[in-house]
């Protein structure tokens, strides 16, 4: 017997309270800072030594970074790992544009 499944999806618009909105802005800010620092590390490593720094090498450093920065300890580790994923680049640009926050692009080497 051939069964057919219907998948229903719903789009729900977030309507955060002011406190939740501040918390989301803080998480987005931290993710943007992490992304820009990781990008700067990759650019610098390539310019100085012509080596590539992998996403996985940078993910390995996250534990130390979270230990040094208490404000990053509150953010779940999977969120920070996803920031380093290649597919997150476009998502962060979209979120930053919506929040009107600058994010470095790969072609830029200053103010990263």
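What follows is calculated from the coordinates using simple rules that are stated; it is not laboratory data. Since the model is a prediction, treat every value here as computed from it, not as a measurement. Using ideal geometry, Cβ is built from the backbone for each residue, glycine included, and neighbour counts are taken over all protein chains shown.
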* Neighbour-count order for 14, 28, 84, fewest beta carbons within 10 angstrom listed first -> 14, 28, 84
* Structure fact -> Checking rank on 5-12, 74-81, with mean other Cβ inside 10 Å and highest first, the result is 74-81, 5-12
* Asked: For residue 5 and residue 49 in one chain, what is 0.36 nm times their gap in residues minus the Cα-Cα distance, to one decimal in nm?
  -> 10.5 nm
* Asked: At residue 78 and residue 65, where each label point lies 7 Å from the Cα along Cα→Cβ, what is the point-to-point distance in nanometres?
  -> 1.9
